[in-house]
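S.K.: My questions will all concern the structure given below.
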Amino acid sequence: MSDGAATLVIGLGNPLMGDDGFGLAVLAELSDRWRMPEDVELVDGGTWGIRLLPLLDGAGRVLFLDAVDRGAEPGTPFVLQGDELPRALCLKLSPHQIDLREVLALASLRGSTPTDLVAVGAQPADVEMRHGLSPALERRVRDVAGLAVQTLAAWGHAVTESG
């Protein structure tokens, strides 16, 4: 990405850990159903951890897609902004893994935190070793993709539905 003002939409999670793969399912929904303008890049961030840092360095705005454990009813959608992000996006599957909270802290120390940071997601039902989403999250993929589209539109991006 060459323009520092560009927007990244980063899907997070591990599809081999049940509902932890929710962010990637929403990213796939966006890719399949919506046309993004040239200044919006869809990125499979998977379980990249610290490797996300260079992406944040070059972005003006970042929209994260993820399973968000807020202790709510499974499938409850969330839109988180600003200071809410580091507290909410800190699910670790391993004690050796760097979580997004730590990546955002490093970006802040480097002075490269994007101007706008938002996360959309939903409360997972379970995060365990299995492939596929729970029914509660499977039903929310399209809704949360819609929240992502609304966020992009609020940022001035002309996102249109495909076909």
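S.K.: Return P(r) of the chain (all Cα-Cα pairs; 10 Å bins starting at 0; whole %; ordered from short to long distances).
M.R.: Taking all Cα pairs of the chain, the binned fractions are 11, 44, 36, 9, 0 percent.
S.K.: Return, ordered by residue number, the residues of region 8-33 whose backbone nitrogen is under 12 Å from a label point located 7 Å along Cα→Cβ of Glu41.
M.R.: 8-10
S.K.: Toward the positive end of the charge dipole of the chain, about the Cα centre and with charges on Cβ (Lys, Arg +1; Asp, Glu -1), which of Gln150, Val127, Val9 goes farthest?
M.R.: Val127
S.K.: What does the convex hull of the alpha-carbon atoms of region 101-163 project to on average, in nm²?
M.R.: Details: hull surface 26.7 nm².
Its Cα hull, projected and averaged over all orientations, spans 6.7 nm².
S.K.: In vacuum, with every alpha carbon of region 11-70 counted as one equal point scatterer, what does the Debye formula give for log10 I(q)/I(0) at q = 0.12, 0.18, 0.22 Å⁻¹? Two decimals, please.
M.R.: So the normalised log intensities work out to -0.30, -0.66, -0.94.
S.K.: Also, I was wondering about something else. Run the helix sum for the chain: -39,500 (n - 2.57) per DSSP H stretch of 4+ residues, divided by residue count, reported at 222 nm to the nearest 500 deg cm²/dmol. All intermediate terms of the calculation are to be shown ahead of the outcome.
M.R.: Values: 6 runs with 50 residues, N = 163.
Helix-only estimate at 222 nm: -8500 deg cm²/dmol.
S.K.: Within 10 Å of each candidate Cβ there may be at most 12 other Cβ atoms; applying that plus a DSSP loop requirement, which GluC sites (Glu not before Pro) in region 98-163 survive?
M.R.: Numbers: sites: Glu102, Glu128, Glu138, Glu161; in loops: Glu128.
Listed in order of number, the matching sites are Glu128.
All of the numbers you see were taken from the coordinates with simple rules; none came from a lab. Since the structure is predicted, the reported quantities are computational estimates derived from the model, not experimental observations. When we count neighbours, we look across all protein chains shown, and the Cβ atoms used for this are built from the backbone with ideal geometry, even at glycine.
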